[in-house]
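Right, one structure below, let's go through it.
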Amino acid sequence: MRLAEYTDYTLRVLMYCAAHPQQRVTIGELAESHGVSKNHLMKIVNDLARQGVLETTRGRGGGLRLLKDPASIRIGDVVRATETDFRLVECFDASTNLCTLSPTCRLKQVFDAALQAYFRELDGATLADITGPATGPAKARGVTVHRRSVMVPVPGPARRRAPVKATKADV
């Protein structure tokens, strides 16, 4: 599953605002910081303002800032509000399902369980968890962030950790 760029940029806007709580952030500042067009960011900012997450002020000295405490903004809620389709496979939508395996297939159950686990994980993290010091759920789950690599728990008797190379999107 891959998140839409819209969701990615929405999370970036929220993270930037959470990291700069004492100032009004401008769309120009966000665009320059993330290398994204101002027009694209304006749509995201308008959506977040309409949802009551951001406060926007026009004119000289204007900008935007978070209206809610970062600890009250769940990442799962942001993803649900910005993504348009969580159908992992055709059979997730009964109205368009043409798969002939559906009557006996149990794969849908596996994907459904995975999707539920995905959202449980996202719902367990808040904006404060991903913008503040590493003391939130990620640290509690044993995931340690080291500069450009992430240590991921590997199942097994010793619960060893295997390094996984992080991409720019991960950091």
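In the list ALA117, ALA125, which residue meets the criterion of being surrounded by 15 or more Cβ atoms within 10 Å (Cβ to Cβ) and within 24 Å of the chain's Cα centre (by Cα)? Checking each option against the conditions leaves just ALA125. Selection of first residues in the range 32-58 that are polar (S, T, N, Q) and of second residues that are surrounded by 14 or more Cβ atoms within 10 Å (Cβ to Cβ), restricted to Cβ pairs under 7 Å at least 6 apart or on distinct chains, gives the following pairs, ordered by first then second residue: SER33/TYR16; SER37/ALA31; THR56/VAL45; THR56/ALA49; THR56/LEU64; THR57/ARG24; THR57/GLY63. All of (1) at pLDDT below 95; (2) closer than 20 Å to LEU30 by Cα hold for ASN97 with one exception: (2).
For the structure I just gave you, tell me whether MET1 is of a type outside the set (Phe, Trp, Tyr) and assigned to a helix (DSSP H, G or I).
When the stated conditions are applied, MET1 does not pass them.
Among the residues of the range 107-158, the ones that are closer than 27 Å to PRO21 by Cα, aliphatic (A, V, I, L, M), in a helix (DSSP H, G or I) and at pLDDT 80 or above come to 4 in all. If the condition is being of a type in the set (A, V, I, L, M, F, W, C) and not in a helix (DSSP H, G or I), then the range 11-39 contributes VAL25, VAL36.
Yes or no, residue by residue, for (1) within 17 Å of the chain's Cα centre (by Cα); (2) not in a loop (DSSP other than H, G, I, E, B):
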{"residue": "LEU41", "(1), (2)": "yes, yes"}
{"residue": "ASN46", "(1), (2)": "no, yes"}
{"residue": "LEU64", "(1), (2)": "no, yes"}
{"residue": "ARG87", "(1), (2)": "no, no"}
{"residue": "CYS105", "(1), (2)": "no, no"}
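Only residues that are more than 17 Å from LEU11 (Cβ to Cβ) and either exposed (fewer than 15 other Cβ atoms within 10 Å of the Cβ) or of a type in the set (Val, Ile, Thr) (or both) were counted in the range 24-36, giving 3. Scoring CYS91 on the criteria (1) part of a helix (DSSP H, G or I); (2) in contact with a helix residue (DSSP H, G or I) (Cβ under 9 Å, 6 or more places away or on another chain); (3) under 23 Å from THR131 (Cα atoms) leaves a single failure, condition (3). Residue count for the range 1-53 under the criterion of being among the polar types (S, T, N, Q) and more than 27 Å from PHE119 (Cα to Cα): the result is 6.
Among the residues of the range 37-78, the ones that are closer than 27 Å to GLU121 by Cα, among the acidic types (Asp, Glu) and surrounded by 15 or more Cβ atoms within 10 Å (Cβ to Cβ) come to 2 in all. When the test is whether a residue is under 26 Å from ASP129 (Cβ atoms) and in a helix (DSSP H, G or I), THR56 does not pass it.
The values are calculated or read from the model by the stated rules, or taken from the named source; none is laboratory data. Model, not experiment: these values are computed from the prediction. Cβ sites come from the backbone with ideal geometry, for glycine too, and all protein chains shown count toward neighbours.
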